[in-house]
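The structure appears right after this line, and notes come after that.
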Amino acid sequence: MLWRACFTAFLFLCVLTSSHAAPFEQGLLWRIERPGIAPSYVFGTIHIDDPRVLKLPPEVNRVLRGAKTYTMEMLVDETAQRKFTRASRLADGKDLRTVLGPELYGQVAEKMEERGVPDAATQKLKPWSVMLTLLLPRERPAVILDYALYQSAQQQKKPVFALETVEEQIETFDGMPAEIQIELLETVVRHEDQISGMTKDLIRAYLDRDLKRMWEINARFTALDPGTEAANDFFLERVLFGRSERMTRSLQPRLEQGGAFVAVGALHLYGERGILALLKQQGYRITRVY
(Lines give C-alpha, C1' and ligand atoms only; values in the text may rest on other atoms or scores of the structure.)
Protein backbone atom coordinates (compact mmCIF):
# COMPACT_ATOMS: atom_id res chain seq x y z
CA MET A 1 0.00 0.00 0.00
CA LEU A 2 1.18 3.48 -0.79
CA TRP A 3 1.21 4.94 2.73
CA ARG A 4 2.97 1.81 4.04
CA ALA A 5 5.71 2.15 1.45
CA CYS A 6 6.19 5.82 2.24
CA PHE A 7 6.36 5.26 6.00
CA THR A 8 8.75 2.32 5.65
CA ALA A 9 11.06 4.33 3.44
CA PHE A 10 11.16 7.09 6.03
CA LEU A 11 11.95 4.70 8.85
CA PHE A 12 15.14 3.42 7.34
CA LEU A 13 16.52 6.35 5.35
CA CYS A 14 16.24 9.46 7.47
CA VAL A 15 18.86 10.71 9.87
CA LEU A 16 18.46 11.44 13.57
CA THR A 17 19.72 15.00 13.44
CA SER A 18 19.76 15.87 17.12
CA SER A 19 20.47 14.10 20.39
CA HIS A 20 18.88 16.65 22.73
CA ALA A 21 15.47 16.15 24.28
CA ALA A 22 12.66 16.70 21.81
CA PRO A 23 8.98 17.40 22.47
CA PHE A 24 6.45 14.59 22.30
CA GLU A 25 8.92 11.74 22.85
CA GLN A 26 6.47 9.35 24.50
CA GLY A 27 2.85 8.54 23.67
CA LEU A 28 0.61 7.52 20.78
CA LEU A 29 -2.83 9.03 21.48
CA TRP A 30 -3.15 12.79 22.00
CA ARG A 31 -6.12 15.08 22.67
CA ILE A 32 -6.17 18.30 20.63
CA GLU A 33 -8.21 21.16 22.13
CA ARG A 34 -9.09 24.77 21.54
CA PRO A 35 -11.74 26.80 23.44
CA GLY A 36 -15.20 26.59 21.95
CA ILE A 37 -14.51 23.51 19.82
CA ALA A 38 -15.09 19.86 20.72
CA PRO A 39 -11.75 18.07 21.28
CA SER A 40 -10.19 15.93 18.57
CA TYR A 41 -7.63 13.14 18.86
CA VAL A 42 -4.48 12.25 16.94
CA PHE A 43 -3.28 8.64 17.05
CA GLY A 44 0.19 7.62 15.91
CA THR A 45 0.21 4.44 13.84
CA ILE A 46 2.78 2.05 12.47
CA HIS A 47 1.94 0.73 9.02
CA ILE A 48 2.26 -3.00 9.64
CA ASP A 49 0.02 -6.00 10.31
CA ASP A 50 1.62 -7.37 13.49
CA PRO A 51 -1.16 -8.84 15.72
CA ARG A 52 0.24 -7.01 18.76
CA VAL A 53 -0.15 -3.71 16.96
CA LEU A 54 -3.62 -4.51 15.64
CA LYS A 55 -4.90 -5.19 19.16
CA LEU A 56 -5.93 -1.66 20.00
CA PRO A 57 -5.88 -0.50 23.63
CA PRO A 58 -9.25 0.39 25.20
CA GLU A 59 -8.41 4.11 25.19
CA VAL A 60 -8.03 4.14 21.41
CA ASN A 61 -11.19 2.13 20.79
CA ARG A 62 -13.16 4.42 23.09
CA VAL A 63 -11.98 7.59 21.36
CA LEU A 64 -12.59 6.16 17.89
CA ARG A 65 -16.15 5.15 18.80
CA GLY A 66 -16.89 8.64 20.10
CA ALA A 67 -15.39 10.50 17.14
CA LYS A 68 -17.54 12.21 14.52
CA THR A 69 -15.06 11.67 11.66
CA TYR A 70 -12.04 9.54 10.75
CA THR A 71 -9.02 10.96 8.95
CA MET A 72 -6.01 9.02 7.65
CA GLU A 73 -2.90 9.86 5.64
CA MET A 74 -4.29 8.82 2.27
CA LEU A 75 -7.23 6.95 0.81
CA VAL A 76 -6.09 4.20 -1.55
CA ASP A 77 -8.49 2.98 -4.23
CA GLU A 78 -8.00 1.42 -7.66
CA THR A 79 -7.59 4.82 -9.32
CA ALA A 80 -4.88 5.82 -6.84
CA GLN A 81 -3.08 2.52 -7.34
CA ARG A 82 -3.12 2.96 -11.12
CA LYS A 83 -1.73 6.50 -10.84
CA PHE A 84 1.03 5.32 -8.52
CA THR A 85 1.92 2.44 -10.84
CA ARG A 86 2.14 4.74 -13.88
CA ALA A 87 4.28 7.24 -12.00
CA SER A 88 6.70 4.51 -10.88
CA ARG A 89 7.74 3.70 -14.45
CA LEU A 90 10.52 5.32 -16.45
CA ALA A 91 9.62 7.32 -19.53
CA ASP A 92 9.57 5.50 -22.86
CA GLY A 93 13.04 4.84 -24.19
CA LYS A 94 14.71 4.70 -20.78
CA ASP A 95 15.65 1.63 -18.78
CA LEU A 96 16.89 1.17 -15.25
CA ARG A 97 20.01 -0.73 -16.29
CA THR A 98 21.26 2.36 -18.09
CA VAL A 99 20.27 4.66 -15.22
CA LEU A 100 22.03 2.59 -12.52
CA GLY A 101 24.91 1.07 -14.42
CA PRO A 102 25.50 -2.68 -14.85
CA GLU A 103 26.95 -3.43 -11.38
CA LEU A 104 24.25 -1.84 -9.23
CA TYR A 105 21.52 -2.93 -11.61
CA GLY A 106 22.69 -6.54 -11.36
CA GLN A 107 22.35 -6.42 -7.57
CA VAL A 108 18.95 -4.76 -7.82
CA ALA A 109 17.63 -7.21 -10.41
CA GLU A 110 18.67 -10.19 -8.28
CA LYS A 111 16.85 -8.85 -5.23
CA MET A 112 13.77 -7.99 -7.26
CA GLU A 113 13.73 -11.50 -8.75
CA GLU A 114 13.68 -12.87 -5.20
CA ARG A 115 10.47 -10.88 -4.70
CA GLY A 116 8.91 -12.27 -7.85
CA VAL A 117 9.55 -9.21 -10.04
CA PRO A 118 11.04 -10.30 -13.38
CA ASP A 119 13.94 -8.50 -14.98
CA ALA A 120 11.79 -7.17 -17.82
CA ALA A 121 9.55 -5.38 -15.29
CA THR A 122 12.41 -4.13 -13.13
CA GLN A 123 14.08 -2.45 -16.10
CA LYS A 124 11.05 -0.19 -16.52
CA LEU A 125 10.96 1.10 -12.94
CA LYS A 126 12.32 4.32 -11.49
CA PRO A 127 14.95 4.05 -8.73
CA TRP A 128 12.57 5.29 -6.03
CA SER A 129 10.00 2.65 -6.95
CA VAL A 130 12.56 -0.13 -6.66
CA MET A 131 13.73 1.31 -3.34
CA LEU A 132 10.19 1.15 -1.93
CA THR A 133 9.77 -2.42 -3.16
CA LEU A 134 13.01 -3.56 -1.51
CA LEU A 135 12.11 -1.85 1.76
CA LEU A 136 8.84 -3.70 2.10
CA PRO A 137 8.89 -7.21 3.65
CA ARG A 138 9.02 -10.08 1.16
CA GLU A 139 5.71 -11.46 2.45
CA ARG A 140 2.55 -9.58 1.56
CA PRO A 141 0.96 -7.87 4.57
CA ALA A 142 -2.54 -8.67 5.67
CA VAL A 143 -4.59 -5.79 7.09
CA ILE A 144 -2.26 -3.11 8.43
CA LEU A 145 -3.18 -0.92 11.39
CA ASP A 146 -4.25 2.14 9.39
CA TYR A 147 -6.61 0.12 7.23
CA ALA A 148 -8.00 -1.75 10.25
CA LEU A 149 -8.90 1.63 11.75
CA TYR A 150 -10.41 2.68 8.43
CA GLN A 151 -12.57 -0.46 8.37
CA SER A 152 -13.77 0.23 11.91
CA ALA A 153 -14.65 3.81 10.96
CA GLN A 154 -16.62 2.56 7.96
CA GLN A 155 -18.49 0.05 10.09
CA GLN A 156 -19.39 2.89 12.44
CA LYS A 157 -20.55 4.92 9.42
CA LYS A 158 -18.19 7.80 10.07
CA PRO A 159 -17.22 10.24 7.29
CA VAL A 160 -13.66 9.49 6.15
CA PHE A 161 -11.11 12.10 5.06
CA ALA A 162 -7.51 12.07 3.83
CA LEU A 163 -4.56 14.31 4.67
CA GLU A 164 -2.83 13.73 1.33
CA THR A 165 -3.77 12.99 -2.25
CA VAL A 166 -2.06 10.28 -4.26
CA GLU A 167 -0.59 13.00 -6.47
CA GLU A 168 1.04 14.63 -3.44
CA GLN A 169 2.53 11.37 -2.26
CA ILE A 170 3.81 10.54 -5.75
CA GLU A 171 5.48 13.95 -5.98
CA THR A 172 7.22 13.31 -2.67
CA PHE A 173 9.27 10.59 -4.37
CA ASP A 174 9.09 11.51 -8.02
CA GLY A 175 10.35 15.02 -7.35
CA MET A 176 13.63 13.80 -5.87
CA PRO A 177 16.70 14.33 -8.09
CA ALA A 178 17.82 11.17 -9.84
CA GLU A 179 21.18 11.14 -8.06
CA ILE A 180 19.44 11.20 -4.67
CA GLN A 181 17.16 8.36 -5.70
CA ILE A 182 20.13 6.27 -6.79
CA GLU A 183 22.14 6.95 -3.64
CA LEU A 184 19.21 5.98 -1.41
CA LEU A 185 18.60 2.86 -3.46
CA GLU A 186 22.26 1.87 -3.04
CA THR A 187 21.87 2.25 0.73
CA VAL A 188 18.89 -0.09 0.76
CA VAL A 189 20.66 -2.66 -1.43
CA ARG A 190 23.73 -2.68 0.81
CA HIS A 191 21.82 -3.02 4.06
CA GLU A 192 18.66 -4.90 3.17
CA ASP A 193 19.54 -7.78 5.49
CA GLN A 194 19.56 -5.50 8.55
CA ILE A 195 16.10 -4.10 7.91
CA SER A 196 14.20 -7.15 9.16
CA GLY A 197 15.87 -7.13 12.58
CA MET A 198 15.42 -3.41 12.97
CA THR A 199 11.75 -3.70 12.09
CA LYS A 200 11.32 -6.04 15.07
CA ASP A 201 13.04 -3.50 17.32
CA LEU A 202 10.82 -0.81 15.89
CA ILE A 203 7.66 -2.75 16.73
CA ARG A 204 8.81 -3.18 20.33
CA ALA A 205 9.49 0.55 20.63
CA TYR A 206 6.07 1.31 19.17
CA LEU A 207 4.33 -1.01 21.62
CA ASP A 208 6.17 0.83 24.41
CA ARG A 209 4.85 4.09 22.90
CA ASP A 210 8.45 5.29 22.73
CA LEU A 211 8.79 7.66 19.78
CA LYS A 212 12.30 8.68 20.80
CA ARG A 213 13.48 5.07 20.66
CA MET A 214 11.95 4.68 17.23
CA TRP A 215 14.13 7.58 16.08
CA GLU A 216 17.19 6.00 17.67
CA ILE A 217 16.59 2.70 15.89
CA ASN A 218 16.44 4.58 12.64
CA ALA A 219 19.67 6.41 13.43
CA ARG A 220 21.34 3.04 14.01
CA PHE A 221 20.47 2.03 10.48
CA THR A 222 21.76 5.18 8.82
CA ALA A 223 25.00 4.93 10.80
CA LEU A 224 25.78 1.73 8.90
CA ASP A 225 26.45 3.72 5.75
CA PRO A 226 28.65 6.79 6.41
CA GLY A 227 28.89 9.35 3.64
CA THR A 228 25.19 9.47 2.76
CA GLU A 229 24.28 12.30 5.14
CA ALA A 230 23.32 14.77 2.43
CA ALA A 231 20.97 12.34 0.68
CA ASN A 232 19.44 11.28 3.99
CA ASP A 233 18.93 14.88 5.08
CA PHE A 234 17.23 15.65 1.77
CA PHE A 235 14.97 12.64 2.20
CA LEU A 236 14.14 13.55 5.79
CA GLU A 237 13.20 17.10 4.84
CA ARG A 238 11.02 15.95 1.98
CA VAL A 239 9.35 12.80 3.30
CA LEU A 240 8.95 13.62 6.97
CA PHE A 241 9.09 17.34 7.72
CA GLY A 242 7.57 18.55 4.47
CA ARG A 243 4.72 16.08 4.69
CA SER A 244 4.14 16.85 8.37
CA GLU A 245 3.66 20.52 7.49
CA ARG A 246 1.33 19.68 4.62
CA MET A 247 -0.72 17.24 6.69
CA THR A 248 -1.00 19.78 9.51
CA ARG A 249 -2.54 22.26 7.06
CA SER A 250 -4.92 19.59 5.74
CA LEU A 251 -5.92 18.76 9.28
CA GLN A 252 -7.23 22.24 10.09
CA PRO A 253 -10.80 21.82 8.76
CA ARG A 254 -11.24 18.60 10.74
CA LEU A 255 -10.01 20.20 13.96
CA GLU A 256 -12.20 23.28 13.45
CA GLN A 257 -15.25 21.03 13.15
CA GLY A 258 -14.22 19.12 16.28
CA GLY A 259 -14.68 15.47 17.18
CA ALA A 260 -12.07 14.20 14.71
CA PHE A 261 -10.04 11.01 15.04
CA VAL A 262 -6.84 11.31 13.04
CA ALA A 263 -4.51 8.38 12.31
CA VAL A 264 -1.04 9.26 11.08
CA GLY A 265 2.38 7.60 11.13
CA ALA A 266 3.76 7.86 14.67
CA LEU A 267 7.02 9.55 13.72
CA HIS A 268 5.09 12.46 12.22
CA LEU A 269 4.16 13.26 15.84
CA TYR A 270 7.69 13.35 17.24
CA GLY A 271 9.88 16.35 17.85
CA GLU A 272 9.84 20.08 17.37
CA ARG A 273 8.87 19.82 13.69
CA GLY A 274 6.21 17.16 14.14
CA ILE A 275 2.47 17.62 13.75
CA LEU A 276 1.85 17.98 17.49
CA ALA A 277 4.45 20.72 17.89
CA LEU A 278 3.07 22.53 14.85
CA LEU A 279 -0.45 22.40 16.28
CA LYS A 280 0.81 23.66 19.64
CA GLN A 281 2.39 26.64 17.87
CA GLN A 282 -1.04 27.44 16.45
CA GLY A 283 -2.55 27.66 19.92
CA TYR A 284 -3.97 24.18 20.40
CA ARG A 285 -3.68 22.50 23.77
CA ILE A 286 -2.02 19.08 23.38
CA THR A 287 -2.56 16.42 26.06
CA ARG A 288 -1.29 12.85 26.05
CA VAL A 289 -4.05 10.29 26.58
CA TYR A 290 -2.15 7.04 25.95
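Tell me, which residue of the stretch 182-216 that is in contact with a Leu (Cβ under 9 Å, 6 or more places away or on another chain) and among the acidic types (Asp, Glu) is farthest from ARG97 (Cα to Cα)? If we take residues in the stretch 182-216 being in contact with a Leu (Cβ under 9 Å, 6 or more places away or on another chain) and among the acidic types (Asp, Glu), then GLU216 is farthest from ARG97 (Cα to Cα).
Residues in the stretch 26-42 that are surrounded by fewer than 16 Cβ atoms within 10 Å (Cβ to Cβ) and outside any strand (DSSP E or B): PRO35, GLY36. Of the residues in the stretch 80-92, at least one is part of a helix (DSSP H, G or I), without any contact (Cβ under 8 Å) to a residue 60 or more places away in the chain and not charged (D, E, K, R). Within the stretch 248-290, the residues that satisfy the criterion of being part of a helix (DSSP H, G or I) and among the hydroxyl-bearing types (Ser, Thr, Tyr) are THR248, SER250. For the stretch 93-116, indicate whether the set of residues that are part of a loop (DSSP other than H, G, I, E, B), open to solvent by less than 30 Å² (accessible area, probe 1.4 Å) and over 28 Å from THR71 (Cα atoms) is non-empty. Yes, the stretch 93-116 has at least one match. Tell me the residue from ARG82, ARG65 that is out of contact with any Leu (no Cβ under 8 Å at 6 or more places or on another chain), of a type in the set (D, E, K, R), under 25 Å from LEU207 (Cβ atoms) and open to solvent by 50 Å² or more (accessible area, probe 1.4 Å), please. It is ARG65. Within the stretch 229-265, if we keep just the residues that are open to solvent by less than 10 Å² (accessible area, probe 1.4 Å) and of a type in the set (S, T, N, Q), the residue that is nearest to LEU132 (Cα to Cα) turns out to be ASN232. Taken over the stretch 68-78, the residue count meeting the criterion of being touching a residue at least 12 places away in the same chain (Cβ under 8 Å), over 18 Å from the mean Cα position of the chain (by Cα) and open to solvent by 20 Å² or more (accessible area, probe 1.4 Å) is 1. Residues in the stretch 117-127 that are of a type in the set (S, T, N, Q) and not in a loop (DSSP other than H, G, I, E, B): THR122 alone. Counting the residues of the stretch 154-190 that are more than 28 Å from LEU64 (Cα to Cα) and of a type in the set (Ser, Thr, Tyr) gives 2. Within the stretch 117-163, work out how many residues are crowded, with 19+ Cβ neighbours inside 10 Å, closer than 19 Å to MET72 by Cα and more than 21 Å from the chain's Cα centre (by Cα). Count: 1. Taking the numbered list (1) over 20 Å from the mean Cα position of the chain (by Cα); (2) open to solvent by 10 Å² or more (accessible area, probe 1.4 Å); (3) in contact (Cβ under 8 Å) with a residue 24 or more places away in the chain in turn, GLN281 passes all entries but (3).
The values are calculated or read from the model by the stated rules, or taken from the named source; none is laboratory data. What you see is a predicted model; the values in this text were computed from it and never measured. Every residue, glycine among them, receives a Cβ derived from its backbone with ideal geometry; neighbour counts consider all protein chains shown. Quick note on the areas: whole protein, heavy atoms, side chains included, nothing else; ligands and nucleic acids left out. Shrake-Rupley method; radii C 1.70, N 1.55, O 1.52, S 1.80 Å.
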